[in-house]
Amino acid sequence: MHDFKSRSDQKIISELRLAIQEERKITLQILNLINEAHSRRLYASAGFSTPFEWLTKEFGYSAAAAMRRLDSARALREVPSIENKIETGEVNLTNLAKVQKRKEPANEWVFKKEQKHLK
């Protein structure tokens with residue numbers, strides 16, 4: 001159990017900021033690992049018919065969490081330049097999954113997003 005009560009407000013904010021940065025790095029690592037596992041068809045060699053089934057049954061992700069990661073990993077494969085945007089938090093799994101659900105090419109979405117920031 002963590003003793004947060006004894007920490008100053010500033011210390012809590014500082015630790016939270018660092019933890020969020022680490023979370024983004026870990027999320028990016030997970031997406032890259034999913035892509036590599038997908039390219040090697042590791043889900044099939046583990047006895048699963050799809051990467052979705054593998055992530056939910058082998059790793060315990062909820063259906064929604066597995067789909068967000070698979071959709072985001074696909075977007076990352078399509079547009080490797082979004083890697084930095086994921087790590088900085090400019091885009092997140094929810095944004096990337098929405099792009100994939102709309103069937104909008106991820107690179108077009110990134111372009112539109114960058115145009116908004118330039119205005």
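Summary table below
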quantity: All positions within the range 55-104 that are in contact (Cβ under 8 Å) with a residue 40 or more places away in the chain and among the hydroxyl-bearing types (S, T, Y); calculated: S72, T88
quantity: Residue ID - modelled with the lowest pLDDT, chosen from residues in the range 96-115 that are surrounded by 17 or more Cβ atoms within 10 Å (Cβ to Cβ) and more than 13 Å from L31 (Cβ to Cβ); calculated: W109
quantity: Filtered residues of the range 5-43 (kept if among the hydroxyl-bearing types (S, T, Y) and surrounded by fewer than 11 Cβ atoms within 10 Å (Cβ to Cβ)); calculated: S6, S8, S39
quantity: Condition met for A75 (within 20 Å of N92 (Cβ to Cβ), of a type outside the set (K, R) and modelled with pLDDT under 95); calculated: yes
quantity: Which listed residue is over 26 Å from R17 (Cβ atoms) and at pLDDT below 90, from L93, L118, L55, L70; calculated: L118
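The values are calculated or read from the model by the stated rules, or taken from the named source; none is laboratory data. Note that the coordinates shown come from a computational prediction; the quantities given were computed from them, not determined experimentally. Cβ atoms come from the backbone with ideal geometry, glycine included; neighbour counts cover every protein chain shown.
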